[in-house]
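**Q** Structure incoming, see below.
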Amino acid sequence: MNKTVNQKAWFLILPVLLLVAFSAVIPLMTVVNYSVQDTFGNNQFFWAGLDWFDDMLHSDRMWNALGRQLMFSAIILAIEVPLGIFVALNMPKKGFWSSFCLVFMSLPLLIPWNVVGTIWQIFGRVDIGLLGYALDALGIDYNYTQNTFDAWVTVIVMDVWHWTSLVALLGYAGLRSIPDAYYQAAKIDQASRWAVFRYIELPKMAGVLMIAILLRFMDSFMIYTEPFVLTGGGPGNATTFLSIDLVKMALGQFDLGPAAAFSLMYFLVIMAISWVFYTVMTTLDKRDGK
Amino acid sequence: MAKITLDNLAHSYLPNPQSDADFALKELNHDWVDGEAYALLGSSGCGKSTLLNIISGLLIPSQGRILFDGKDVTTAPTAERNIAQVFQFPVVYDTMSVRDNLAFPLKNMGMDAAEIKRRVQKVAAMIDMEAELNHKARGLTADAKQKISLGRGMVREDVNALLFDEPLTVIDPHMKWELRTQLKKLHQDFGHTMIYVTHDQTEALTFADKVVVMYDGRVVQIGTPQELFERPAHTFVGYFIGSPGMNLFDAQIDGTHARIGDVSVALDGHYSAAGHTQLGVRPEFIRLSANGEGVPATIRRIEDVGRHKIVRLDVMGREINAVVAEGEDIAADTNRITFAPEGINVYADDWRIAPRGTSV
């Protein structure tokens, strides 16, 4: 078939182009703009080249924040994914209790981030919080505002409480799609419970679990509100993750140049990781479809 | 290998079955003789799979007992029963290779590697998949997957019984014959008790020594293919076995004769029957006639199926089929049908009754 040449057709994509420009490209470009300039005030800017990027790449502060961030994501994934699978495997398969569990487990997912932060902020307080007070009464020296370890534990437990349900619900959906015949065949083949999990349930859940891991990784990598409300990044900088540090730099210190360079690199890291995930997932799909 | 006894067995999927209709499987007593090949035949939803799942332990019956060689296994888990079962739709372990799939049940039993290897090789040859042994199972076609499922059942040589739940539904016709032959051969070689569920009468009749016909949760007849053909115990058997199925005529039974409408038909014995009485005559035993004798009939259409012709007739408003040999002429003025007395079965309320003085 011969393609018709009609250059006017370009006008048809104009609306999309405008939309994307205003929603993404132009705001992003202002950040790019800040990242290559410096100022001494009076709204006078001058060219700084890639200095800010260079600075940031050699800044301990940023590397430390990144380290904490990666550790946080790794820990919550290591807890939430196995725990979510465990919960999914043990949920009732049908009937009233199945629906009840689904609704009940969805509740934490519906609570706004800052409310979650506030809940745990109060819950963990030694003077009036149920958790903090109870731990204190049991003779456990717990204080998330002063002790780094306690702060980390609280932030992680909060995230596990908030998001494990997501992994569990996705895993549950994956499990429900397995026909009964598979379980029956496994019984006939005298498979152990572990073998059923390893060779039937896990392969069938692999797809949704990949999505769960991707979602949880991205969300935790960009986490801001909950730890900000809970610990404000403290004690010291112990729970200052990338987003918190970025906001401190941009709005607290008003260091627009370094903050812009920082956020661009942050953005690139997230894009790169998403791309890796996407590639892995599509190759898995292809292998499945073959 | 074992004799499997069903003692007073019945099953309902409802928690509190009240009437007969609540039971998916109605009360049943039967011995599956060790080493025989059975076909379980019946239309969909008649309880065949329920019965199979009870035997393999996937389902605990709501009533009665099941014994393997006299030992009660009613509530024993599947693994203890040592039974192989193949399902209607292929089940393969996606992430494993074909070889590992076939070896899976043996590995679970803790068999040593050399023996596993020998058996896997042998079964792979039977299902014609030696070349694909190292492939991942997930990429295979449906019939290749079903062959693996069959293979997983056949690889266990010491099983008490091999159960097949319509295993060839997804296999293409050419392969069906071949696999059925393999299964028969397997049966001859090892002498397992085999139960083969199907709703395809050809499959049942070619596979089995004995055919068990089920209807509405009840076993209506157990017999050799010949018995089922000649003496169907229930009108359902007559209708279900044979192509086309048995013809039924409402009739009044009066000793050695029956009346269809106002025509008298000779029977081959003396019958006394009450209730709703019918004569069952297979199409093969119906003769067309034009000389004024027999039951009035009109030819509606003739179908030539190659081996013979099927004549569709209208007899008192009911469709009746007759089978006529390929070479035989069908007279244009055919207006009556007659029956060979030995081809007539008498039914009262759907169950066959025997002539006086005989027991069958």
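**Q** Hey, which of these cross-link pairs are over 31 Å Cα-Cα: A:K94/B:K136; A:K93/B:K145; A:K204/B:K176; A:K94/B:K107?
**A** Working: A:K94/B:K136 33 Å; A:K93/B:K145 27 Å; A:K204/B:K176 29 Å; A:K94/B:K107 33 Å.
The pairs that break the limit, which is 31 Å between Cα atoms, are A:K94/B:K136; A:K94/B:K107.
**Q** Another one. How high is the relative contact order of chain A, in percent, with contacts defined as C-alpha pairs under 8 Å that are six or more residues apart?
**A** It rounds to 27 percent for chain A.
**Q** Taking the Cα centre of segment A:52-289 as the origin and placing charges on Cβ (Lys, Arg +1; Asp, Glu -1), which of A:A88, A:G129, A:G257 is farthest toward the positive end of the dipole?
**A** A:A88
**Q** Using +1 at the C-beta of Lys and Arg and -1 at the C-beta of Asp and Glu, which of A:L246, A:P179, A:P227 has the Cα lying farthest in the positive direction of the dipole of segment A:139-290?
**A** A:P179
**Q** Cα-based Rg of chain B per 2.2 N^0.38 Å, rounded to two decimals?
**A** 1.17
**Q** Cross-link partners among lysines for A:K8, C-alpha distance below 22 Å, same-chain residues fewer than 8 apart left out?
**A** Hits, sequence-local ones excluded: zero.
**Q** Something else now. Taking the Cα centre of the protein assembly as shown as the origin and placing charges on Cβ (Lys, Arg +1; Asp, Glu -1), which of A:M210, A:F197, B:A208 is farthest toward the positive end of the dipole?
**A** A:M210
**Q** Separate question: Where Rh denotes the Kirkwood radius from the mean inverse Cα pair distance, what is Rg over Rh for segment A:9-166? Intermediate results must be reported in sequence, preceding the final value.
**A** Working: Rg = 23.6 Å, Rh = 20.7 Å.
For segment A:9-166, the value is 1.14.
**Q** If you take the square roots of the eigenvalues of the alpha-carbon gyration tensor of segment B:217-360 and sort them as a ≥ b ≥ c, do you get rounded (a/c under 1.5), prolate (a/b over b/c) or oblate?
**A** Numbers: a/c = 1.99, a/b = 1.32, b/c = 1.51.
Because a/c hits 1.5 or more and a/b fails to exceed b/c, segment B:217-360 counts as oblate.
**Q** So what's the angle, to the nearest 10 degrees on a 0 to 90 scale, between helix B:98-108 and the longest Cα principal axis of chain B?
**A** Helix B:98-108 and the main axis of chain B meet at about 80 degrees.
**Q** Same structure again: Within segment B:88-113, what residues put their amide N at less than 19 Å from the label point 7 Å along the Cα-to-Cβ vector of B:A142?
**A** B:88-94
**Q** Picking from B:D128, B:D200, B:D216, which is most flexible by a Gaussian network model of chain B using Cα springs under 10 Å?
**A** In the Gaussian network model the winner is B:D128.
**Q** Determine the relative contact order of chain B: mean sequence separation of Cα pairs under 8 Å and six or more apart, normalised by residue count, in whole percent. Please report the intermediate quantities before stating the final value.
**A** On the way: 745 pairs, mean separation 57.0, N = 360.
RCO, chain B: 16 percent.
**Q** Then there is this: Which value, in debye to the nearest 20, gives the size of the charge dipole of chain A about its Cα centre, when Lys and Arg are +1 and Asp and Glu are -1 at the Cβ?
**A** Working: 17 positive and 20 negative charges, 303 e Å.
Around 1460 debye, computed over chain A.
**Q** How about segment A:195-290: which chymotrypsin sites (Phe, Trp or Tyr not before Pro) there are in a DSSP loop, with at most 11 other Cβ atoms within 10 Å of their Cβ? Mind dumping the intermediate values first?
**A** Working: sites: A:F197, A:Y199, A:F217, A:F221, A:Y224, A:F228, A:F241, A:F254, A:F262, A:Y266, A:F267, A:W275, A:F277, A:Y278; in loops: A:Y224, A:F241, A:F254.
Qualifying residues, ordered by number: A:F254.
**Q** Suppose only helical runs count, i.e. DSSP H with n ≥ 4. What mean residue ellipticity at 222 nm does that imply for chain B under -39500 (n - 2.57) per run, divided by all residues and rounded to the nearest 500 deg cm²/dmol?
**A** Values: 9 runs with 88 residues, N = 360.
About -7000 deg cm²/dmol.
**Q** How far is helix B:173-190 tilted off the main Cα axis of chain B, in degrees rounded to 10, range 0 to 90?
**A** Value to nearest ten degrees: 70.
**Q** Given axes a ≥ b ≥ c from the Cα gyration tensor, I'd like to know whether segment A:52-289 is rounded (a/c under 1.5), prolate (a/b larger than b/c) or oblate.
**A** On the way: a/c = 2.66, a/b = 1.43, b/c = 1.86.
It comes out oblate by the Cα gyration axes.
**Q** Given the pairs A:K187/B:K3; B:K147/B:K185; B:K122/B:K147, which span a C-alpha to C-alpha distance of over 18 angstrom in this model?
**A** Numbers: A:K187/B:K3 22 Å; B:K147/B:K185 16 Å; B:K122/B:K147 14 Å.
Going by Cα-Cα distance, A:K187/B:K3 fall outside the 18 Å limit.
**Q** Using only the Cα atoms of the protein assembly as shown, construct the convex hull and provide its projected area averaged over every direction, in square nanometres to one decimal. Write out the running numbers ahead of the final one.
**A** Values: hull surface 197.1 nm².
Projected area, direction-averaged: 49.3 nm².
**Q** Can you give me the Cα centroid spacing of segment A:192-264 and segment B:114-143 in angstrom?
**A** So the two Cα centres are separated by 46 Å.
**Q** Going 7 Å from the Cα of B:T256 along its beta-carbon direction, which residues of segment B:285-316 have the amide nitrogen within less than 19 Å of the resulting point?
**A** Residues B:294 fall inside that zone.
**Q** Please work out the FRET efficiency for the pair A:Y278 and B:A114, using the Cβ-Cβ distance as r and a Förster radius of 41 Å; give the result to the nearest 0.05.
**A** Values: r = 45 Å, r/R0 = 1.11.
Result of the calculation: an efficiency of 0.35.
**Q** With everything on Cα atoms, drop me the angle between helix B:142-154 and the longest principal axis of chain B, reported from 0 to 90° to the nearest 10.
**A** Between helix and principal axis, roughly 80 degrees.
**Q** While we're on this one: About its Cα centre, how strong a charge dipole does segment B:247-353 have in debye, to the nearest 20, once Lys and Arg get +1 and Asp and Glu get -1 at the Cβ?
**A** On the way: 11 positive and 17 negative charges, 28 e Å.
Roughly 140 debye for segment B:247-353.
**Q** Taking the DSSP beta bridges in chain B as the whole, what percent of them are antiparallel, to the nearest 5?
**A** On the way: 59 of 77 bridges.
Roughly 75 percent of the beta bridges in chain B run antiparallel, per DSSP.
**Q** Measure out, as a whole number of angstrom, how far apart the alpha-carbon centroids of segment A:1-72 and segment B:323-346 sit.
**A** After rounding, the separation between the Cα centres reads 91 Å.
**Q** Let me ask something else. Can you tell me how segment B:177-216 classifies by the Cα gyration tensor, rounded, prolate or oblate, using a/c under 1.5 as the rounded cut? It would help to have the intermediate numbers written out before the result.
**A** Details: a/c = 2.76, a/b = 1.59, b/c = 1.73.
Note, shape of segment B:177-216 comes out oblate.
**Q** Hey, in the GNM for chain A with a 10 angstrom Cα cutoff, which one of A:F46, A:F72, A:F149 fluctuates hardest?
**A** Between A:F46, A:F72, A:F149, it is A:F46 that shows the largest mean-square fluctuation.
**Q** Dipole magnitude of chain B about its Cα centre, charges +1 at Lys/Arg Cβ and -1 at Asp/Glu Cβ only, in debye to the nearest 20?
**A** Details: 37 positive and 48 negative charges, 173 e Å.
Charge dipole of chain B: 840 debye, to the nearest 20.
**Q** For chain A, which DSSP H helices look membrane-span-like by this rule: Cα extent along the axis of 20 Å or more and mean Kyte-Doolittle of at least -1.0? Display every interim value, and only then the final one.
**A** Numbers: long enough: A:60-90 (45 Å, 1.01); A:96-110 (21 Å, 1.82); A:148-176 (41 Å, 0.98); A:202-221 (27 Å, 1.43); A:256-289 (48 Å, 0.97).
Those that clear 20 Å and a mean of -1.0 are A:60-90, A:96-110, A:148-176, A:202-221, A:256-289.
Bear in mind that the values in this text are calculations on the coordinates, not laboratory data. Just so you know, these numbers come straight off a predicted model, no measurement behind them. Counting neighbours? That spans all protein chains shown, and the Cβs are built from the backbone with ideal geometry, glycine included.
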